[in-house]
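Reviewing the structure listed below.
The values are calculated or read from the model by the stated rules, or taken from the named source; none is laboratory data. Keep in mind the model is a prediction, meaning the values are calculated, not measured. Virtual Cβ from ideal backbone geometry, glycine too; neighbours counted across all protein chains shown. Quick note on the areas: whole protein, heavy atoms, side chains included, nothing else; ligands and nucleic acids left out. Shrake-Rupley method; radii C 1.70, N 1.55, O 1.52, S 1.80 Å.
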Amino acid sequence: MANKHRGSDVLEYIKKVIEESPETKAEYDRLGPRYELITSIIRARKAAGLTQAELAERMQVSRPVVTRLESGEHEPRFQMIQRTADALGRQLV
């Protein structure tokens with residue numbers, strides 16, 4: 001069955017779910033900073049014109065490590081975040 005929620009419809013759907021469920025809103029708020037960090041990493045990588053493989057090479061890790069970092073499915077340690085920032089020529093603030 002095709003997903004009927006696409007594009008801006010998805011954002012409206014998410015907004016509605018969050019408004020209707022305090023538990024979902026709490027979880028969304030809890031995870032917000034993690035996803036902001038991931039979004040920042042992806043944007044910085046793309047702004048630098050790097051593929052995941054190229055970033056991985058700069059970080060001296062395998063490409064799957066960068067893929068996991070960008071997926072948000074794993075909580076990275078501070079050392080990995082610092083290593084990413086270094087490889088992108090960025091500073092953590």
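Under the definition of Cα pairs under 8 Å and six or more residues apart, what whole-number percent is the relative contact order of the stretch 41-93?
Details: 36 pairs, mean separation 18.5, N = 53.
Relative CO of the stretch 41-93 lands at 35 percent.
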Legend entry - Note, ³J(HN,Hα) from phi for the stretch 9-17, Karplus 6.51, -1.76, 1.60, rounded to Hz, x at Gly and Pro: 4, 5, 5, 5, 4, 4, 4, 5, 4
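Find, to one decimal place in angstroms, the Kirkwood hydrodynamic radius of the stretch 21-64, where the mean of 1/r is taken over every pair of different Cα atoms and then inverted. If you can, show how the numbers build up before the last one.
Numbers: mean 1/r = 0.0826 Å⁻¹.
So the Kirkwood estimate lands at 12.1 Å.
Less than 14 Å Cβ to Cβ from K15, Lys/Arg counted +1 and Asp/Glu -1: what total charge do the surrounding residues give?
Values: positive: K16, K25; negative: D9, E12, E19, E20, D29.
In short, -3.
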Legend entry - Relative contact order for the stretch 2-93, counting Cα pairs under 8 Å that sit 6 or more residues apart, in percent: 21
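Calculate, for S62 and E12, the FRET efficiency according to 1/(1 + (r/R0)^6) with r their C-beta to C-beta distance and R0 41 Å; round to the nearest 0.05. Present the calculation step by step, with values, prior to reporting the outcome.
Details: r = 38 Å, r/R0 = 0.93.
My answer for the efficiency is 0.60.
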Legend entry - HN-Hα J in Hz across the stretch 30-46 - Karplus 6.51, -1.76, 1.60, θ = phi - 60°, x for Gly and Pro: 5, 8, x, x, 4, 6, 5, 4, 4, 4, 4, 5, 4, 4, 5, 4, 5
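Counting helices only, and only those DSSP H runs with n ≥ 4, report the 222 nm mean residue ellipticity of the chain as the sum of -39,500 (n - 2.57) divided by its residues, in deg cm²/dmol to the nearest 500. Intermediate values should be presented prior to the final figure.
Working: 5 runs with 66 residues, N = 93.
Calculated from helices alone, the mean residue ellipticity at 222 nm is -22500 deg cm²/dmol.
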Inset, instruction - Report the calculated FRET efficiency for V93 and E70 (r = Cβ-Cβ distance, R0 = 22 Å), to the nearest 0.05. - result: 0.65
Inset, instruction - Mind counting lysine pairs for me in the chain? Cα separation below 23 Å, and the two need to be 8 or more apart along the chain or on different chains. - result: 5
Inset, instruction - State in Å² the accessible area per residue of the chain; use a 1.4 Å probe, count heavy atoms of protein chains only, and round to the nearest integer. - result: 77
Inset, instruction - On a C-alpha basis, how far is the centre of the stretch 51-93 from the centre of the stretch 12-44 in Å? Whole number, if you could? - result: 21
Inset, instruction - Quickly rank 69-77, 28-36, 53-61 as a protection proxy: mean count of other C-beta atoms within 10 Å, highest first. - result: 53-61, 69-77, 28-36
Inset, instruction - Please state, rounded to one decimal and in Å, the Kirkwood hydrodynamic radius that the chain gives when every pair of distinct Cα atoms enters the mean of 1/r. - result: 15.0
